[in-house]
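The values are calculated or read from the model by the stated rules, or taken from the named source; none is laboratory data. These numbers come from a predicted model, not from an experiment. Because the Cβ atoms are built from the backbone with ideal geometry, glycine has one as well, and the counts that use them run over all protein chains shown. Just so you know, the surface numbers come from the protein's heavy atoms only, side chains and all, with ligands and any DNA or RNA stripped out. Shrake-Rupley method; radii C 1.70, N 1.55, O 1.52, S 1.80 Å.
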Amino acid sequence: MSALCFGRRYSHGDGEFLRLVGRNEQFGRAVGAGSLVDALPWLQRFPSPVRAAYRAFRDLNRDFYGFVRGKFLQHQRSLRPGAAPRDMMDAFIRLQREQPRLQLEHVPATVTDIFGASQDTLSTALQWLLIFLIRYPNVQAKMQEEVDRIVGRDRLPCAEDQPHLPYITAFLYESMRFSSFVPVTIPHATTTNTFIMGYLIPKDTVIFINQWSVNHDPAKWSNPEDFDPTRFLDENGFINKDLTSSVMIFSLGKRRCIGEELSKVQLFLFTSILVHQCNFIANPNEDPKMDFTYGLTIKPKPFTLNVTLRDTMDLLDQAVQRLQAEKAASENQLSANA
Ligand code: HEM
């Protein structure tokens with residue numbers, strides 16, 4: 001997402017990357033702790049740990065905005081008129097230059113929203129996918145069989161392969177349904193008295209959607225507590241689109257997640273490339289019964305797993321070399337324009 005938002009790819013030990021990840025963890029803790037005030041707004045009048053958490057959340061947001069604003073200033077300096085946008089930041093700066101009624105300050109604010117909204121959600125999704133790979137080795141083997149048959153062993157899977165990989169697609173939907181790792185949505189409030197199925201919801205009531213219960217409703221899902229990707233496949237092995245659209249994890253209505261399609265592509269690429277290249281097994285020294293933390297997202301507590309390569313590193317090395325060449329070209333352009 002950092003490559004997409006502001007054209008920066010990081011290695012794992014990079015200081016800036018570690019600070020970003022650190023903020024992400026603090027963000028999850030602060031949002032989880034603050035949610036009591038959403039349900040009981042009068043609590044904010046009392047000096048309490050909730051208020052301290054709220055202040056920590058505000059400071060974290062300021063700090064994060066400052067980080068993104070730094071990237072914005074760099075981009076503003078280096079973006080040449082007429083040049084193709086290098087990333088989302090460039091695209092928004094260009095849009096603002098073409099439509100001056102959009103305010104310049106909205107550019108870093110928008111990228112802060114998009115980057116911030118994607119971090120905790122996508123990283124949590126990735127952890128869950130890994131958990132399901134090690135918990136269900138038969139499912140992992142079926143995905144490997146499918147990707148080997150359709151893509152072959154001479155190239156990495158790409159986004160265009162997805163329509164031909166229904167079992168992997170079904171795995172992704174079952175992972176989102178089963179984990180429901182954003183169990184309730186961001187709070188909203190009614191602006192007028194509202195009736196739903198005969199129930200009065202008074203004006204100014206704080207509303208959450210309970211996505212977990214939608215995804216585990218036995219009236220909709222047979223054996224909802226079983227992890228079974230095949231529930232999303234019809235008798236010919238094709239994806240049942242009525243059922244996939246019933247999985248709720250990106251919320252509903254006008255404020256539903258704008259990153260849904262992007263997330264689905266990213267999670268597909270992550271899963272298909274990993275199972276194409278590697279085998280995953282649980283660490284036998286760790287308790288298979290995992291523990292979770294409950295904040296804005298449901299996250300597994302730290303766990304380790306054993307990963308082995310299925311073949312050589314050749315395809316992955318080639319992909320990394322391509323990325324490094326792209327990164328070098330974009331850095332050259334940045335310094336030439338600075
Ligand atoms: C699997 C990953 C993701 C999940 C499960 C997820 C889920 C959600 C949920 C539940 C909401 C709250 C909607 C509401 O207010 O009712 C939301 C909002 C939002 N998401 Fe995502 N999200 C994910 C990834 C992303 C990504 C990658 C982006 C960036 C492109 C993104 C951008 C946003 C934004 C900007 C909002 C606020 C929308 C608004 O208030 O109008 N999300 N997301």
(request) Considering each of Arg155, Arg149 in turn, give the residue that is open to solvent by 30 Å² or more (accessible area, probe 1.4 Å), modelled with pLDDT of 95 or more, part of a loop (DSSP other than H, G, I, E, B) and within 25 Å of Met313 (Cα to Cα). (result) Arg155
(request) Kindly provide the set of residues from segment 165-193 that are outside any loop (DSSP other than H, G, I, E, B), farther than 30 Å from Met143 by Cβ and at pLDDT 95 or above, ordered by number. (result) none
(request) Enumerate the helices (runs of 4 or more DSSP H) found wholly within segment 240-338, keeping only those where 3 or more residues are within 16 Å of the ligand (Cβ to nearest atom) and at negative phi. (result) 260-277
(message) I want to confirm something. Restricting to segment 127-137 and keeping residues that are in a helix (DSSP H, G or I) and surrounded by 15 or more Cβ atoms within 10 Å (Cβ to Cβ), which single residue is farthest from the ligand (Cβ to nearest atom)?
(response) Ile134
(request) Would you please name the residue that is modelled with the highest pLDDT, looking only at residues in segment 22-39 that are away from the ligand (no atom under 16 Å from the Cβ) and in contact with a helix residue (DSSP H, G or I) (Cβ under 9 Å, 6 or more places away or on another chain)? (result) Arg23
(request) Give just the number: which of (1) of a type outside the set (Lys, Arg); (2) assigned to a helix (DSSP H, G or I); (3) exposed (fewer than 13 other Cβ atoms within 10 Å of the Cβ) does Val107 not satisfy? (result) (3)
(request) Would you please list the contacts, defined by Cβ atoms under 7 Å and residues six or more apart or on different chains, that run from a residue in segment 172-195 that is within 13 Å of the ligand (Cβ to nearest atom) to a residue that is assigned to a loop (DSSP other than H, G, I, E, B) and of a type in the set (Gly, Ala, Ser)? (result) Thr185/Ser251
(message) Against the definition (surrounded by fewer than 17 Cβ atoms within 10 Å (Cβ to Cβ) and among the β-branched types (Val, Ile, Thr)), how does Thr244 come out, yes or no?
(response) no
(message) Take the conditions surrounded by fewer than 12 Cβ atoms within 10 Å (Cβ to Cβ), at negative phi and part of a loop (DSSP other than H, G, I, E, B) and apply them to Asp204. Does it pass?
(response) no
(message) Among the residues in segment 136-158, are any touching a Ser or Thr at 6+ places or on another chain (Cβ under 9 Å) and hydroxyl-bearing (Ser, Thr, Tyr)?
(response) no
(message) For the condition farther than 28 Å from Ile298 by Cβ and in contact with a helix residue (DSSP H, G or I) (Cβ under 6 Å, 6 or more places away or on another chain), what is the one hit in Asp204, Asp148, Asp154, Asp161?
(response) Asp161
(request) Output the number of the condition that Val214 fails; it satisfies all remaining conditions of (1) in a helix (DSSP H, G or I); (2) surrounded by 17 or more Cβ atoms within 10 Å (Cβ to Cβ); (3) touching a residue at least 60 places away in the same chain (Cβ under 8 Å). (result) (3)
(request) Considering (1) farther than 30 Å from Asp154 by Cβ; (2) over 25 Å from the mean Cα position of the chain (by Cα), say which one Gln321 fails and leave the rest. (result) (1)
(message) Please pick out the residue among Gln140, Gln119, Gln96, Gln162 that is assigned to a helix (DSSP H, G or I) and within 13 Å of the ligand (Cβ to nearest atom).
(response) Gln119
